[in-house]
Structure formats: structure tokens, C-alpha cells
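Novice: Quick one: structure below, then a few questions.
The values are calculated or read from the model by the stated rules, or taken from the named source; none is laboratory data. All figures in this text were calculated on a predicted structure; none of them were measured in a lab. Positions of Cβ are generated from backbone atoms using ideal geometry, with glycine treated the same way; all protein chains shown enter the neighbour counts. Just the protein is used for accessible areas: all its heavy atoms, side chains included, with ligands, DNA and RNA removed. Shrake-Rupley method; radii C 1.70, N 1.55, O 1.52, S 1.80 Å.
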Amino acid sequence: MIDLGRRFQNSLLGLSILLLWATGPSLLWADAAAFDLVGPKVEVRVQREGHTLPIAEVPSLQAGDRLWVHPDLPETQSVHYVMVVAFLRGATNPPPDSWFTRVDSWSKPVRDEGIFITVPEGAEEAMVFLAPETGGAFSSLRSAVRGKPGAFVRAAQDLDQAGLDRQRLEKYLDSVRESSTSDPEQMKVHTTVLARSLNMRLEQQCFDKPTAQQVPCLTQNTDQLVLDDAHSQSLVTTLTTGSPTDLLAQVSATPTARGGYYSAYVGAVVDVVRILGSAHTAQYQYIPALSLQKQDDLNLRLNSPPSFRIPKSVIVIALPLVSTAANPPLHPIDAAQVFCVDTPSLVLPVDGAPLVFATELAHNFVLHVETKAGLGVDLPAVPDAGRGGFVIDTKAMQAVELEGEVSGILRGTWGFRSFEGPRFRLRSSTSGQWIVASKDASALIIGREDTLHLQSADACCVSGISLRDEKGKITEATWKTAKPEELEVKVPLQTAAAGAVTVVIHKLGSRQPDEIPLHTYSEAGRLDAFNIHAGDAEGVLKGTRLDQVTALEASGLHFVPRSLSRANQQDELKLLCQDAAAGKRFQEGDSIVAHVALKDGRSLDIKSAVEPPRPRVIVLSKSVQPDPSATPSRLRLENQEELPQDSRLNFFLKTQVPENFPYSEKIEIATADESFRVLLSEKDGNLTPQDSKTIFAVLDPMKLLGPSAFGPLKFRPIAADGIDGDWQPLVTLVRIPVLEGVRCTRGDEKQCTLSGDKLFLIDAVSSDPGFANSVTVPDGFVEAELRIPSPKGTTLYLKLRDDPSTVVTASVPMLITPQ
């Protein structure tokens with residue numbers, strides 16, 4: 001019963017831990033994230049087969065390696081630290097006592113000379129512990145590691161992983177801050193390349209902010225910037241042999257524990273904090289330290305301040321794992337790209353191994369170039385994350401003659417081992433033959449920017465391209481590499497004249513530029529279509545440069561240009577035939593050949609077919625109906641061609657083409673400038689058929705056109721297929737002022753005052769129909785009263801601003817006041 005009770009309690013404890021992880025990652029992460037406290041420094045060097053390297057250049061240890069470890073503590077250190085160097089051999093296999101080495105960091109020999117320790121056979125992980133000296137510190141620490149090796153194995157792995165990721169992050173942050181520039185576009189390009197090299201998350205929206213805010217934006221939420229890197233993860237052995245009863249170690253390895261975090265760095269840090277937390281004892285607590293390696297130094301960063309009270313803090317440091325380290329998987333960004341070795345500080349773009357740019361693990365790089373003469377040349381190569389690859393010093397190639405294309409291979413050292421990276425295609429600048437793409441040979445048209453495609457094996461060595469015309473004028477051209485041996489050149493000919501032109505190509509390492517003689521031309525108009533409808537005397541020619549067209553002839557009829565416009569990225573030229581018989585000459589479906597004459601004397605032909613006739617209607621009658629709900633106006637519009645804005649127009653239309661009025665046909669009404677328009681249809685209730693040929697139409701201008709529409713209105717029919725008829729005049733829409741009355745002063749009847757609203761809608765006021773005695777209303781008149789001549793009776797004569805050609809009358813009350 002007691003055994004069963006303990007198992008139940010353990011199960012509850014395990015469940016509680018799982019729930020804590022599942023529900024509170026942000027809380028735990030808040031304690032684990034900020035490794036920003038500077039810890040003590042430890043110096044380490046590794047000796048293997050007679051060669052010694054600083055720890056920053058060693059990706060992994062091997063059995064038999066001789067480690068030199070030196071705790072670099074200040075002489076004023078008041079607390080003595082016991083340094084313990086320990087080796088582990090898996091989660092389920094406690095290490096022997098002999099794999100633990102105690103070092104009294106305060107002793108003079110250690111302070112002066114350090115200590116040498118050999119990596120034992122069978123070791124898989126190496127760790128350094130710094131514990132405040134107390135009686136039994138060494139034995140307590142050794143017992144803790146041997147009692148729970150899985151926790152410290154996983155801690156070593158996660159610390160190693162987190163340390164590598166942290167170095168990538170530090171490199172990114174330092175580079176972004178150093179590259180701060182006033183040019184936002186340059187900042188964006190640099191940071192994008194930097195993020196690709198280091199495999200960092202890049203917030204593109206940061207570049208939409210003002211320049212001063214871009215760097216803070218790019219460097220915020222730093223722990224979330226580090227993306228997974230397969231290479232650094234391959235350096236860390238995955239825990240696969242953990243004890244099934246070690247609940248905490250199991251949970252730390254599950255996706256649930258890492259869920260919710262964006263970066264592998266965050267996951268590794270959270271794991272190691274949790275795992276070491278499970279190893280706390282009443283006397284000691286274990287705090288992780290990230291090591292930022294620089295030459296011999298392990299520069300430690302802590303996430304919590306060490307405690308010198310019970311439980312005292314033991315600083316846990318991971319050394320590189322004991323394993324065979326995989327070479328960095330470098331590969332070129334574009335394997336087909338050809339590079340010019342005459343380029344000073346040549347950059348070879350590479351990707352795939354962020355640790356090469358962020359750490360010192362890879363070193364001694366050269367680009368080995370094999371010439372066809374059998375000579376090998378090694379060019380110094382330096383990884384540069386900000387430039388996205390390796391910067392090659394090409395000075396040594398100036399004395400080497402290359403024939404054609406050669407291959408260069410990137411070589412370097414990874415830890416103690418040499419390795420070979422990717423290969424690159426290289427060329428040297430020579431006087432080469434350039435080929436102009438056949439489609440571009442006669443495509444240089446003046447008045448626009450054209451594109452040339454130039455092909456040559458030396459395209460990679462081009463440094464600049466310009467144009468020289470017949471008068472010797474030089475114009476710079478923009479260009480880019482379209483393919484490994486092809487350039488795309490933008491040729492600016494907007495202000496050029498037709499004639500000979502020379503493309504001048506400047507190349508690196510060559511004093512004499514290459515020259516390509518070409519010719520520019522005036523663009524000939526392109527004819528796409530000629531559209532004419534049966535019964536019409538007007539057609540539309542579509543194409544380009546139709547301003548060069550002087551006339552068109554079709555079926556014996558002569559058409560002349562009427563108006564030129566541009567729609568849907570092409571010219572549209574309306575052509576009119578003055579022959580009265582033109583409307584009867586073309587029948588639907590007839591095939592015609594149009595002969596188009598150009599200004600330069602050329603004649604171009606285009607075939608076409610006569611399209612169906614356009615819809616046509618005529619007005620049978622129309623009537624203006626005042627709005628019964630509106631206050632009657634004092635103005636009387638006798639002309640039926642005028643429509644007050646607050647009235648309604650009723651009119652009948654009769655179809656001529658087609659024979660019957662289709663249900664789907666609409667009537668479009670618009671102002672003269674077509675800024676206001678409306679479609680009347682049967683579906684909307686604005687068109688009502690009287691019979692198959694006659695339709696009743698209603699126009700409510702205030703409702704359908706709005707209060708701002710005025711002036712002459714026109715209409716046209718529109719068929720269901722979108723073919724429209726000719727515009728025809730309908731009425732003149734006029735806005736009506738409100739007239740309240742006329743007030744005159746007795747004895748001064750020659751001058752009276754007209755009062756009302758919107759008097760600016762009046763053009764002129766007169767007391768006689770001939771306007772012999774009239775007053776013109778000035779532009780911008782905003783007053784509510786207008787001085788006018790004394791009227792004869794109660795009748796005024798007005799010309800409205802919307803239709804000043806028509807005289808209207810108004811009956812207004814008269815009031816004579818005493819002086």
C-alpha cells in the first residue's frame with residue numbers, strides 16, 4: 001500500500017510538471033531568456049596530434065585531446081571557486097569517479113599556468129562547473145552528476161546549441177548596428193543579405209518605418225530572430241537514451257515543451273534552465289552559462305546572478321561535444337553564375353552554414369584557382385556576413401593569364417581538419433565577340449526606352465555600358481546580368497534621333513572597351529484592327545503610332561483622321577468619311593481591306609470585316625413634369641428643351657435599329673463632358689415599353705444625376721453586347737434659383753433689390769424682354785440680395801447661368817417702402 005501511494009504521488013507530481021509546461025511557457029521563459037549578466041572567464045586551448053588551437057576554433061572534441069583549462073578570475077576574487085572538469089558518457093551510463101577533475105582556482109600554480117586534462121576514451125560530453133568552495137563541494141557535485149547523468153547530458157547539449165545560436169544572434173545585432181546608414185534602400189539590401197547569411201528572421205515591415213526607427217525595429221525581440229540551423233544542430237548529439245523514469249528530461253525533449261517558441265535558441269535555453277532546475281539540492285542550485293567564444297576565451301553570460309548563500313550557485317559551462325563534427329555545408333547561391341577574377345574584392349555569395357560567418361570554427365580560407373597551364377593559385381578568402389559570402393583578394397591573379405573559363409574551389413579548415421567547399425566558375429576579361437539577340441537587332445526605336453540582350457562569355461567582367469551617337473554624345477545605360485553569359489541593357493532613346501549608334505562596353509581589367517555598332521529607327525505604326533459598323537460613315541483604327549496616319553481607303557471610300565485617343569495600351573484613331581453614300585456601302589459581314597497611308601509615304605494594309613449595325617433610336621415626344629411635392633417656382637420655363645433640376649422628364653423613344661427594342665437594351669444619359677451619367681433600363685423601372693418598337697422613358701435628374709449636374713444632356717442606346725449608338729441631344733438641365741420678392745424705395749424706383757436664395761444661378765436680370773436695361777450677376781456672387789432695375793409690374797426677365805441663351809420670365813411680389 002505504501003508503494004502504491006508513492007507511485008500515485010509521483011504520478012501527480014509528473015502531471016503537475018507537464019501542466020506547468022503546457023500552460024505557463026511565457027512565465028518560465030521570462031526567467032530563462034535574458035542571458036545578459038557577464039560571468040567569469042575561462043580560457044581553454046585544445047591540443048591534438050601536436051597542433052594546438054584556441055577553443056573558439058574547435059567545433060568538437062575527440063578522445064585523446066589534451067585540454068588546457070585556465071580559470072581567468074581576478075586577483076581580487078573574494079570567493080574561492082572550485083572548478084570541476086567532468087566528462088559524461090550518455091544519459092543512462094554514469095561516468096566513473098576518475099572522469100571528474102577538481103581544480104582549486106585560487107592556487108598559485110593554477111592561476112599562473114592552468115591545468116592540462118586529457119579527454120578519456122568513451123566520453124561523449126565535456127562540462128566545466130564553477131562552485132563556491134565549501135567542505136564537500138566536489139563530492140556533492142560529482143554525486144549529483146553521477147546520480148542524474150541524463151539531466152547533465154541534455155544540459156551539455158542544449159548549452160552547446162544555445163551558445164552557437166547566441167553567437168549568430170550577437171553577430172547579427174552588432175552588424176545591424178554598425179551598418180546603420182541614412183540610405184534606407186542600402187540598409188534594406190545590407191540587412192537582407194546579412195539575415196540570409198546568418199539564417200535570421202527578418203521583419204520586412206521594419207523597412208516601412210522612418211530611417212531612425214529601422215535599426216531599433218530590426219533588433220527588437222532578439223531571442224525570436226534566430227531560425228533553426230541544421231548545421232549547428234548536427235554538431236549537437238540528440239539525447240536518445242534517457243531513462244523512462246526521468247520525467248523532467250523526457251518532457252524537455254518533447255515538442256510540447258518547445259511549442260509556442262519561434263526559434264531553436266529559445267527552446268534550447270528554456271530546456272537547459274528546466275533541466276538544471278530539476279538537479280537542485282538543498283546545498284547547491286545549478287545555473288547555466290552561455291559561452292561566447294573568442295580565441296582562447298569562454299566569455300560567459302548568465303541568466304541569473306550567482307548566490308553565495310545556501311543553496312549556493314554552481315555555474316554550468318558546456319565545452320564542445322566529443323564527436324566527429326560535420327563539415328560546414330556551404331553551397332553557392334547560384335551555381336551557374338560566372339565570376340570575373342579581375343574584380344577587386346570579389347564576393348562569392350554562399351549560403352547554408354551560418355556558423356562560418358558567426359564564429360571562428362572555420363578559418364584559414366583560400367580560393368584555390370586551377371589554371372589550364374596546371375598552375376594553382378591560392379587567393380585569400382574572408383567570410384563576410386554583411387556582403388553575403390566570401391570576399392576574395394584577387395591581386396595575385398593580375399600576373400596570371402587565364403584562357404577561357406576556369407574553376408575555383410573554396411578551401412578552409414574546420415577545427416583541426418581541412419575541408420573543401422563549393423566550386424565557382426571564373427573568367428578573366430578579354431576582348432570578346434558580342435552577339436546581339438536577333439529579336440533586338442532592329443528594335444531600337446527612338447522616342448522610348450528599349451531593351452537589348454547582349455551575349456558574350458565575358459559578360460561577368462562588364463563594369464559599365466554607355467551609348468555614343470553620331471555626334472559623339474555619350475549616354476549611360478542601365479544593365480543587369482540576365483543569364484550567366486547574357487546582359488540585359490536598357491537603352492534610353494527618349495530624346496535620341498534616328499541614325500547610327502555605338503554601344504560601348506567597359507570591362508574590368510581591360511583598358512580598351514568593346515564596341516558594338518547598331519542603328520536606331522523611327523517606329524512604324526502597328527495596325528491591329530479597323531472596326532466599322534454597317535450603316536456607319538465613321539470607323540476606328542487601332543494600333544500604335546497612329547499619329548503617323550494621314551488617310552484610310554476602304555471599298556472606294558476615303559476616310560480622314562478625326563480624333564486620336566489611347567485606351568487599353570494602344571492608340572485609337574477615329575476616321576470619318578464625308579461621302580453621303582458611306583452609310584449604305586458597308587453591309588454586315590462584308591470583308592474589306594483598308595489601305596492606310598502614313599506621313600512618310602508608306603502604305604500599310606489591314607483586313608477587316610464589317611460589324612453588325614449599331615443601335616439607333618429617335619425621340620418621338622418629351623414633356624417636363626414638375627415635382628408635385630416641391631414648392632412651385634416663380635420662374636416659368638416656356639422652352640420644352642429646358643429641364644428644371646427639380647422636375648422630371650418624360651419622353652418616348654422609337655427604335656430604328658434593331659427592328660424591335662430588346663429588353664436588355666439600355667439608354668445612357670450623360671452631361672456634355674460625361675462627368676455625370678446614368679443608365680436607364682427596364683429592369684430598374686426607368687424604361688417601360690409601349691409596344692415592341694416604342695419605349696417610355698423617365699429621367700429624374702436630381703435622383704439619378706445628383707445636384708451637381710447641369711447643362712446640356714445627351715443620350716444614346718447601348719446594346720446588350722456593349723455596342724453603343726451615336727450620342728444625340730436630349731434637353732438642357734438647369735438649376736433654378738429661389739426668388740422671394742422685389743423691394744423698391746418710393747421716390748427712387750430706378751433702383752430696387754431682388755431677394756432670394758442661390759442668386760448666383762442667374763446670369764442676368766432685366767426689366768424688359770430685350771435686356772436693354774439689365775444687370776449681370778458677377779461670378780462668385782454669394783449675397784441674398786441683388787440690386788436690379790425697377791421692373792415694369794411684377795414681371796422680371798432672366799437668363800439662367802446653365803442656359804444663358806434662353807430668356808425666362810418670373811413673377812415676383814413687389815414691395816414699395818417709404819423713404
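Novice: Which count do you get for residues in region 645-659 that are closer than 22 Å to Glu588 by Cα and assigned to a strand (DSSP E or B)?
Specialist: The number of residues fulfilling the criteria is 3.
Novice: Let me ask something additional. Restricting to region 702-722, count the residues that are surrounded by 15 or more Cβ atoms within 10 Å (Cβ to Cβ), more than 17 Å from Asp673 (Cα to Cα) and under 45 Å from the mean Cα position of the chain (by Cα).
Specialist: Of the residues in that region, 2 qualify.
Novice: Give region 353-374 a look and list any residue that's buried (at least 18 other Cβ atoms within 10 Å of the Cβ), assigned to a loop (DSSP other than H, G, I, E, B) and of a type in the set (Gly, Ala, Ser), or say none.
Specialist: Ala353
Novice: Answer with yes or no whether Leu444 is open to solvent by less than 20 Å² (accessible area, probe 1.4 Å), in contact with a strand residue (DSSP E or B) (Cβ under 8 Å, 6 or more places away or on another chain) and over 27 Å from His190 (Cβ atoms).
Specialist: yes
Novice: Hey, another quick one. Just the residues that are open to solvent by 40 Å² or more (accessible area, probe 1.4 Å), closer than 16 Å to Ser431 by Cβ and in a strand (DSSP E or B), please, taken from region 490-509.
Specialist: Once the filter is applied, which keeps residues that are open to solvent by 40 Å² or more (accessible area, probe 1.4 Å), closer than 16 Å to Ser431 by Cβ and in a strand (DSSP E or B), region 490-509 yields only His506.
Novice: Got a sec? Which of Glu170, Glu185 is in contact (Cβ under 8 Å) with a residue 24 or more places away in the chain, assigned to a helix (DSSP H, G or I), more than 17 Å from Gly90 (Cα to Cα) and open to solvent by 50 Å² or more (accessible area, probe 1.4 Å)?
Specialist: Glu170
Novice: Let me ask something else. When the residues of region 510-555 are filtered to those that are part of a loop (DSSP other than H, G, I, E, B) and without any contact (Cβ under 8 Å) to a residue 24 or more places away in the chain, which remaining residue is most open to solvent (accessible area, probe 1.4 Å)?
Specialist: Applying the filter and picking the extreme gives Arg511.
Novice: Take region 732-750 and flag every residue that is of a type outside the set (A, V, I, L, M, F, W, C), assigned to a strand (DSSP E or B) and open to solvent by less than 40 Å² (accessible area, probe 1.4 Å).
Specialist: Thr732, Gly741
Novice: Another question, if that's okay. So for region 201-211 (the condition being part of a helix (DSSP H, G or I), touching a helix residue (DSSP H, G or I) at 6+ places or on another chain (Cβ under 9 Å), in contact (Cβ under 8 Å) with a residue 60 or more places away in the chain and open to solvent by 60 Å² or more (accessible area, probe 1.4 Å)), does at least one residue qualify?
Specialist: no
Novice: Checking the conditions here, which among Thr776, Thr753 is open to solvent by 10 Å² or more (accessible area, probe 1.4 Å) and either of a type in the set (A, V, I, L, M, F, W, C) or in contact with a Cys (Cβ under 8 Å, 6 or more places away or on another chain) (or both)?
Specialist: Thr753
Novice: Let me spell it out: the conditions are (1) touching a helix residue (DSSP H, G or I) at 6+ places or on another chain (Cβ under 6 Å); (2) within 24 Å of Ile445 (Cβ to Cβ), and Lys507 meets all of them except one. Which number is the exception?
Specialist: It fails just one condition, (2).
Novice: Just checking, which of Val382, Val391 is touching a Ser or Thr at 6+ places or on another chain (Cβ under 7 Å), among the β-branched types (Val, Ile, Thr) and either in contact (Cβ under 8 Å) with a residue 60 or more places away in the chain or open to solvent by 20 Å² or more (accessible area, probe 1.4 Å) (or both)?
Specialist: On inspection, the qualifying residue turns out to be Val391.
Novice: Please go through region 34-60 and give me each residue that is crowded, with 16+ Cβ neighbours inside 10 Å, farther than 21 Å from Leu141 by Cα and in contact with an Asp or Glu (Cβ under 9 Å, 6 or more places away or on another chain), ordered by number.
Specialist: Hits for region 34-60 are Glu43, Val44, Arg45, Val46, Gln47, Arg48, Pro54, Ile55, Ala56, Glu57, Val58.
Novice: Would you tally the residues in region 120-148 being assigned to a helix (DSSP H, G or I) and open to solvent by less than 10 Å² (accessible area, probe 1.4 Å)?
Specialist: Residues meeting the conditions: 3.
Novice: Check whether at least one residue in region 482-489 is charged (D, E, K, R), over 28 Å from Pro349 (Cβ atoms) and surrounded by 14 or more Cβ atoms within 10 Å (Cβ to Cβ), and report yes or no.
Specialist: No, region 482-489 contains no residue that is charged (D, E, K, R), over 28 Å from Pro349 (Cβ atoms) and surrounded by 14 or more Cβ atoms within 10 Å (Cβ to Cβ).
Novice: Residues in region 804-812: is at least one surrounded by 18 or more Cβ atoms within 10 Å (Cβ to Cβ), touching a residue at least 60 places away in the same chain (Cβ under 8 Å) and touching an Asp or Glu at 6+ places or on another chain (Cβ under 8 Å)?
Specialist: Checked region 804-812: at least one residue is surrounded by 18 or more Cβ atoms within 10 Å (Cβ to Cβ), touching a residue at least 60 places away in the same chain (Cβ under 8 Å) and touching an Asp or Glu at 6+ places or on another chain (Cβ under 8 Å).
Novice: Which pairs do you get when a residue that is at positive phi, found in region 73-99, comes within reach of a residue that is assigned to a loop (DSSP other than H, G, I, E, B) and of a type in the set (Ser, Thr, Tyr), reach meaning Cβ atoms under 8 angstrom, with the pair 6+ apart or on two chains?
Specialist: Going by the 8 Å Cβ cut-off, the qualifying pairs are Gly90/Thr241.
Novice: For Gly163, work out the one condition from (1) open to solvent by 10 Å² or more (accessible area, probe 1.4 Å); (2) over 25 Å from the mean Cα position of the chain (by Cα) it doesn't fulfil.
Specialist: Of the numbered conditions (1) open to solvent by 10 Å² or more (accessible area, probe 1.4 Å); (2) over 25 Å from the mean Cα position of the chain (by Cα), the odd one out for Gly163 is (1).
Novice: Looking at (1) over 29 Å from Ser323 (Cα atoms); (2) crowded, with 19+ Cβ neighbours inside 10 Å; (3) touching a helix residue (DSSP H, G or I) at 6+ places or on another chain (Cβ under 7 Å), find the lone condition where Ala91 falls short.
Specialist: Only one criterion in (1) over 29 Å from Ser323 (Cα atoms); (2) crowded, with 19+ Cβ neighbours inside 10 Å; (3) touching a helix residue (DSSP H, G or I) at 6+ places or on another chain (Cβ under 7 Å) is unmet by Ala91, namely (1).
Novice: In the list Ser438, Ser463, Ser407, Ser428, which residue meets the criterion of being open to solvent by 10 Å² or more (accessible area, probe 1.4 Å), out of contact with any helix residue (DSSP H, G or I) (no Cβ under 7 Å at 6 or more places or on another chain) and over 22 Å from Ser510 (Cα atoms)?
Specialist: Among Ser438, Ser463, Ser407, Ser428, only Ser438 is open to solvent by 10 Å² or more (accessible area, probe 1.4 Å), out of contact with any helix residue (DSSP H, G or I) (no Cβ under 7 Å at 6 or more places or on another chain) and over 22 Å from Ser510 (Cα atoms).
Yes/no per residue for (1) under 26 Å from Val322 (Cβ atoms); (2) of a type in the set (Gly, Ala, Ser):
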position	(1), (2)
Val103	yes, no
Gly114	yes, yes
Ala137	yes, yes
Ala144	yes, yes
Gly147	yes, yes
Phe152	yes, no
Leu164	yes, no
Asp174	no, no
Ser179	no, yes
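Novice: Quick one: which of Pro662, Pro707, Pro717 is touching a residue at least 24 places away in the same chain (Cβ under 8 Å) and assigned to a strand (DSSP E or B)?
Specialist: Selected residue: Pro717, the only one of Pro662, Pro707, Pro717 that is touching a residue at least 24 places away in the same chain (Cβ under 8 Å) and assigned to a strand (DSSP E or B).
Novice: Restricting to region 635-656, name every residue that is farther than 9 Å from Val624 by Cα, among the hydrophobic types (A, V, I, L, M, F, W, C) and open to solvent by less than 30 Å² (accessible area, probe 1.4 Å).
Specialist: If the condition is that a residue be farther than 9 Å from Val624 by Cα, among the hydrophobic types (A, V, I, L, M, F, W, C) and open to solvent by less than 30 Å² (accessible area, probe 1.4 Å), then Leu635, Leu653 are the ones that fit.
Novice: Restricting to region 279-297, what's the tally of residues that are surrounded by fewer than 21 Cβ atoms within 10 Å (Cβ to Cβ), farther than 24 Å from Gln167 by Cα and either modelled with pLDDT of 75 or more or in contact with a Ser or Thr (Cβ under 9 Å, 6 or more places away or on another chain) (or both)?
Specialist: 3
Novice: Let me ask another. Could you tell me which residue of region 307-347 is surrounded by the most Cβ atoms within 10 Å (Cβ to Cβ), considering only residues that are aliphatic (A, V, I, L, M) and within 20 Å of Ser429 (Cβ to Cβ)?
Specialist: The qualifying residue surrounded by the most Cβ atoms within 10 Å (Cβ to Cβ) is Val341.
Novice: If you don't mind, there's one more thing I want to ask. For region 677-701, give me the residue count where each residue is touching a residue at least 24 places away in the same chain (Cβ under 8 Å), outside any strand (DSSP E or B) and open to solvent by less than 40 Å² (accessible area, probe 1.4 Å).
Specialist: 1
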